[in-house]
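Structure record follows, encoded as structure tokens.
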Amino acid sequence: MLSQTLKYAYFPGCVAQGACRELYQSTQALTQALGIQLIELKKAACCGSGTFKEDSQLLEDTVNARNIALAEELNLPLLTHCSTCQGVIGHVDERLKECRTKKPEYVEQVNGLLAKEGCLPYRGSTEVKHLLYALVTDYGLEEITNRVTHKLTGLKCAAFYGCYLLRAQKSMPYDDPYRPEAMENVFRAVGAEPIYYRGRTQCCGWPLASYATTESFKMAGTHIEEALAVGADCLVTPCPLCHLNLDSRQPEVEKVIGKKLGLPVLHLPQLIALALGVSPKELGLERHIVSTKPVLEKLGF
């Protein structure tokens with residue numbers, strides 16, 4: 001048993017409060033089932049998903065220094081369930097911590113801009129952590145297994161890490177960025193079978209979607225085809241933007257590649273919460289574009 005309740009400053013991000021509302025819903029359900037306390041950062045701003053720095057690195061750093069400062073005010077780690085948010089905010093935190101010793105005047109510039117807006121200064125006193133790694137390193141796989149009431153026996157899960165979670169920062173202390181196992185270990189902890197395929201650590205194609213749509217959909221289609229070819233029952237992703245390209249746009253992907261796919265794509269907290277006995281309705285599984293019924297039927301829901 002955990003010796004104390006885990007508590008985090010929760011940064012849900014934009015997509016989970018809009019197009020992927022089921023991610024917000026399932027994260028709440030999962031953390032409640034595990035006894036994890038989330039204090040939502042209601043005043044937080046969009047991380048920019050990597051686009052702010054195209055105009056100004058200072059802009060990206062200042063906006064996200066403010067987000068981090070909101071967590072620092074609570075003396076809590078900043079937790080997000082979005083790989084893109086984790087990648088962007090985590091990279092800003094890493095850069096500013098380095099600048100505190102190597103380029104302190106830059107941190108002073110960032111904090112000066114925050115002060116003009118009446119915001120708290122960035123102190124570099126906390127960490128940015130994705131839900132996946134909070135579960136694996138803070139909560140523990142054994143504890144998760146102990147909470148399982150509906151073992152996901154027979155379900156073949158293919159992880160889709162995407163790119164930001166693994167390689168946005170210079171250091172990845174929780175996993176091997178090229179041969180990760182964190183998600184596969186979670187699958188094992190809840191009784192599912194991990195399936196390996198080539199594209200699990202590659203980009204889903206979302207960043208290209210606005211200006212190279214066909215290429216974006218071809219990338220997504222390749223990953224889904226590869227997962228299907230090795231027998232996956234579903235893809236599971238820790239990133240809502242990956243989910244949008246792989247699930248919401250899967251019908252469009254099918255048109256581009258000229259092939260029917262029909263592979264369900266689950267958010268990571270949905271999969272874990274199913275094993276904890278949370279109902280599919282509570283997890284928003286009916287909101288997906290590609291039906292999740294085959295997964296639920298296989299699991300006996």
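Using a 1.4 Å probe on the protein heavy atoms, what percent of the accessible area of region 11-130 belongs to carbon and sulfur? Intermediate results must be reported in sequence, preceding the final value.
Working: 2610 of 5160 Å².
Whole-percent figure for carbon plus sulfur exposure: 51.
For region 58-67, take each phi angle, set θ = phi - 60°, evaluate the Karplus expression 6.51 cos²θ - 1.76 cosθ + 1.60, and give the result in whole Hz per residue in order, putting x for glycine and proline.
Calculated HN-Hα couplings, in order: 4, 4, 4, 5, 5, 4, 7, 4, 5, 4 Hz.
By how many degrees, 0 to 90 and rounded to 10, does the Cα axis of helix 83-102 deviate from the longest principal axis of the chain?
Once rounded, the angle reads 30 degrees.
So what J values fall out for region 191-207 if you push phi through Karplus, 6.51 cos²θ - 1.76 cosθ + 1.60 with θ = phi - 60°, rounded to Hz, Gly and Pro as x?
x, 8, 9, x, 10, 9, 7, 4, x, 5, 10, 9, 6, 6, x, 4, x
Could you tell me whether region 191-266 comes out rounded, prolate or oblate from its Cα gyration tensor? Rule is a ≥ b ≥ c as square roots of the eigenvalues, rounded for a/c under 1.5, then prolate if a/b exceeds b/c, otherwise oblate.
Working: a/c = 1.85, a/b = 1.47, b/c = 1.26.
Because a/c hits 1.5 or more and a/b exceeds b/c, region 191-266 counts as prolate.
Say the dipole of the chain comes from +1 at the beta carbon of Lys and Arg and -1 at that of Asp and Glu; which of Ala65, Tyr161, Leu271 then lies farthest toward its positive end?
Ranked along the dipole, the leading option is Leu271.
Over what distance in Å are the Cα centres of region 203-244 and region 11-44 separated?
Result: 23 Å between the Cα centres.
Could you rank the peptides 134-141, 270-277, 188-195 by their average count of other C-beta atoms within 10 Å per residue, with the highest value first?
Working: 134-141: 17.8, 270-277: 23.9, 188-195: 20.0.
The densest-packed peptide leads the list: 270-277, 188-195, 134-141.
So how do Arg95, Arg287 rank on accessible area, 1.4 Å probe, biggest first, that is with the largest at the start? Present the calculation step by step, with values, prior to reporting the outcome.
On the way: Arg95 50, Arg287 110 Å².
Descending accessible area places them as Arg287, Arg95.
For Ala159, what residues show an amide H to amide H distance below 5 Å, using hydrogens built from the backbone and excluding near sequence neighbours?
It is Ile195, Val236, by chain and number.
What whole-number value in Å² describes the accessible area per residue of region 146-189 for a 1.4 Å probe?
Computed with neighbouring chains in place, this is 48 Å² per residue.
Using a Gaussian network model on the chain with a 10 Å cutoff between Cα atoms, which of Cys157, Cys82, Cys99 fluctuates the most?
Checking each option, the largest mean-square fluctuation is seen for Cys99.
Sum up the charges of everything whose Cβ sits under 10 Å from the Cβ of Cys157, counting Lys and Arg as +1 and Asp and Glu as -1, but leave Cys157 out. Intermediate values should be presented prior to the final figure.
Values: positive: Lys156, Arg188; negative: Glu184, Glu193, Asp233.
Within the 10 Å Cβ shell, the charges total -1.
Quick one: Kirkwood hydrodynamic radius for region 85-188, alpha-carbon pairs, angstrom, one decimal?
16.3 Å
Taking the Cα atoms of region 232-301, what is the range of coordinates along each of the three principal axes, in descending order and whole Å?
Cα extents, longest axis first: 38, 23, 19 Å.
Heavy atoms only, probe 1.4 Å: what % of the accessible area of region 191-270 goes to carbon and sulfur, would you let me know?
On the way: 1600 of 2950 Å².
With neighbouring chains kept in place, the figure for region 191-270 is 54 percent.
With a 1.4 Å probe and all protein chains left in place, how much accessible area per residue does region 16-75 have, in Å²?
On the way: 2630 Å² over 60 residues.
The answer is 44 Å² per residue.
From zero outward in steps of 10 Å, how is the percent of C-alpha pairs of region 122-176 spread across the bins?
Result returned by the calculation: 16, 41, 32, 10, 2.
How big is the Cα convex hull of the chain in projection, averaged over all directions, in nm²? Could the numbers behind the result be given before it?
On the way: hull surface 60.1 nm².
Averaged projected area of the chain's Cα convex hull equals 15.0 nm².
Might you tell me the accessible area per residue for region 196-301, computed with a 1.4 Å probe and given in Å²?
It amounts to 40 Å² per residue over region 196-301.
Work from the charge dipole of the chain (Cβ charges, +1 for Lys and Arg, -1 for Asp and Glu, about the Cα centre) and give the residue of Trp206, Gln250, Phe52 farthest towards its positive end.
In the chain, that residue is Gln250.
With no solvent and one point on each alpha carbon, what is the Debye value of log10 I(q)/I(0) for region 48-95 at q = 0.14, 0.28, 0.29, 0.31 Å⁻¹?
-0.31, -1.09, -1.14, -1.23
Which length gain, in nm to one decimal place, applies between Val148 and Glu73 when the Cα-Cα distance is subtracted from 0.36 nm times their residue separation? Show your work: numbers first, answer last.
Numbers: separation 75, 0.36 × 75 = 27.00 nm, distance 3.45 nm.
Between Val148 and Glu73, full extension yields an extra 23.6 nm.
Here is the link list: Lys129/Lys255; Lys43/Lys103; Lys7/Lys43; Lys129/Lys260. Which ones come out longer than 25 Å on Cα distance?
Violating the 25 Å limit, Cα to Cα: Lys129/Lys255; Lys43/Lys103; Lys129/Lys260.
Which one, Asp247, Asp175, Asp93, has the greatest fluctuation when you compute a Gaussian network model over the chain with C-alpha springs under 10 angstrom?
Among Asp247, Asp175, Asp93, the largest GNM mean-square fluctuation belongs to Asp175.
Would you mind giving the average projected area, over all directions, of the Cα convex hull of region 1-70 in nm² with one decimal?
On the way: hull surface 22.8 nm².
It is 5.7 nm².
Springs between alpha-carbon pairs under 10 angstrom, Gaussian network model over the chain: which of Glu117, Glu40, Glu184 fluctuates most?
Fluctuation is largest for Glu117.
Under a crude label model (7 Å from the Cα following the beta-carbon direction), how far is Glu40 from Arg21 in nanometres?
Placing both labels 7 Å along Cα→Cβ, they lie 1.2 nm apart.
The values are calculated or read from the model by the stated rules, or taken from the named source; none is laboratory data. Predicted, not measured: the structure shown is a model, and the values here were computed from it. Please note: Cβ atoms are built from the backbone with ideal geometry, for glycine as well, and neighbour counts cover all protein chains shown. To get the accessible areas, we keep the full protein, side chains included, count just its heavy atoms, and leave off ligands, DNA and RNA. Shrake-Rupley method; radii C 1.70, N 1.55, O 1.52, S 1.80 Å.
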